[in-house]
1. Mind listing whichever residues of the stretch 269-299 are touching a Lys or Arg at 6+ places or on another chain (Cβ under 9 Å), assigned to a loop (DSSP other than H, G, I, E, B) and at negative phi?
2. Under 8 Å between Cβ atoms, at least 6 apart or on separate chains: pull out the pairs that start in the stretch 1-30 with a residue that is surrounded by 13 or more Cβ atoms within 10 Å (Cβ to Cβ) and end on any residue that is part of a loop (DSSP other than H, G, I, E, B) and hydroxyl-bearing (Ser, Thr, Tyr).
3. Could you check how many residues of the stretch 134-186 are in contact with a strand residue (DSSP E or B) (Cβ under 8 Å, 6 or more places away or on another chain) and either assigned to a loop (DSSP other than H, G, I, E, B) or of a type outside the set (D, E, K, R) (or both)?
4. Looking only at the stretch 210-256, how many residues end up being closer than 16 Å to Asp181 by Cβ, charged (D, E, K, R) and either part of a helix (DSSP H, G or I) or within 17 Å of the chain's Cα centre (by Cα) (or both)?
5. Do we have Thr301 as surrounded by fewer than 23 Cβ atoms within 10 Å (Cβ to Cβ), under 17 Å from the mean Cα position of the chain (by Cα) and hydroxyl-bearing (Ser, Thr, Tyr) here?
6. From the list Asn136, Asn108, which residue is of a type in the set (S, T, N, Q) and free of Cβ contacts under 8 Å to residues at least 12 places away in the same chain?
7. Of a type in the set (D, E, K, R), farther than 21 Å from Gly57 by Cα and buried (at least 24 other Cβ atoms within 10 Å of the Cβ), is that true of Asp148?
Amino acid sequence: MSAQQLEAILQMAAQNPPPAQASTAQLRAWFDASNSQMPLAQGLAIESLRIPDAAGGSMAAELLGTPQADPRKLIIYYHAGGFVFGSLASHRALCSYLAQFSGARVLNVDYRLAPEHPAPAAHDDAFAAYQWALANGYAASAIALAGDSAGGNLALSTAVRARNQGLALPAAIVALSPALDLASEGESHRTVDDPFITRELMGFFNAMYVPGGDVRSPTVTPFYSAELQGLPPVQLQVGGRERLRDDAVTMAARLKAAGAEVECTVWDGMVHCWQLLAPVLDEAMASLEQAGRFMAARQRTAPA
């Protein structure tokens, strides 16, 4: 790569801006169309599921696996989109390569979105997906939680909630470009010229998911006041060109201070959620391979 690859992709993206004066439904359709064009990993099997949500209903999910996948190992994946956008389609390719690199099956979860379902609906559904996995025969030691942007928040929040409720904890957590500092207090929120995540977009997402609420509440982010002791190993990845860079860097420091095993990689020159550009962007594939190997090294098919 790849500076050339990325700049070419960014130039193409600039020619496809979000539609002006669009409804939420139109913005979701634009987001899905923009992020569902990448080819999937070869030999991928996809099983469509309905699993319980936290409101007494059900939510769509997909179980993705390559022929080499160990059916006893599971990664629960929570997609990006500011708790407003994103779907199974937008993250199907990303999940397919995560399955390829991890050797596990990946459960891609279509949690409820704002503004129809404001906080803490997405967080409740994320936890419900973990409860479903435990109830359906997956050992906690064989489960990993992962997500990008808002989904990285959900992965970390689910682990905190599982610990608080006395459930067996997952083997590992991976948060890619996690959206944690919803109040935008970190220095990078003021200093980084992010080509995708603007202050206005952050404000839009907050207004949709936490209308009139406390964006620092532990019900919507573990960043400010959640106790972080006793969590499983965490890997954080973030791009150097991200407004959310310090979300990951600061969270890594706090996790380390709490005694957690933590890795944090700042990818020079990378933008928000660059993993969605797999397999076209070299660094996207390298990032997903790094994530997959981290989880695979810690997943166990029987309790230790």
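1. Met270, Val271, His272, Gln299
2. Arg28/Ser87
3. Going residue by residue through the stretch 134-186, those that are in contact with a strand residue (DSSP E or B) (Cβ under 8 Å, 6 or more places away or on another chain) are 134, 138-139, 142-156, 158-159, 170-178.
Remaining after also requiring either assigned to a loop (DSSP other than H, G, I, E, B) or of a type outside the set (D, E, K, R) (or both): 134, 138-139, 142-147, 149-156, 158-159, 170-178.
Looking only at that region, the number is 28.
4. Result for the stretch 210-256: 6.
5. Details: surrounded by fewer than 23 Cβ atoms within 10 Å (Cβ to Cβ): yes; under 17 Å from the mean Cα position of the chain (by Cα): no; hydroxyl-bearing (Ser, Thr, Tyr): yes.
It is false that Thr301 is surrounded by fewer than 23 Cβ atoms within 10 Å (Cβ to Cβ), under 17 Å from the mean Cα position of the chain (by Cα) and hydroxyl-bearing (Ser, Thr, Tyr).
6. Values: Asn108 fails: free of Cβ contacts under 8 Å to residues at least 12 places away in the same chain.
Only one candidate qualifies: Asn136.
7. Working: of a type in the set (D, E, K, R): yes; farther than 21 Å from Gly57 by Cα: yes; buried (at least 24 other Cβ atoms within 10 Å of the Cβ): yes.
Yes: the conditions hold for Asp148.
Residues checked against (1) touching a strand residue (DSSP E or B) at 6+ places or on another chain (Cβ under 7 Å); (2) surrounded by fewer than 21 Cβ atoms within 10 Å (Cβ to Cβ):
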| residue | (1), (2) |
| --- | --- |
| Ser188 | no, no |
| Met208 | no, yes |
| Val220 | no, no |
| Val266 | yes, yes |
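Here, each number is a calculation from the coordinates, and none is a lab measurement. Just so you know, these numbers come straight off a predicted model, no measurement behind them. For neighbour counting, all protein chains shown are included, and Cβ atoms are generated from backbone atoms with ideal geometry for every residue, glycine included.
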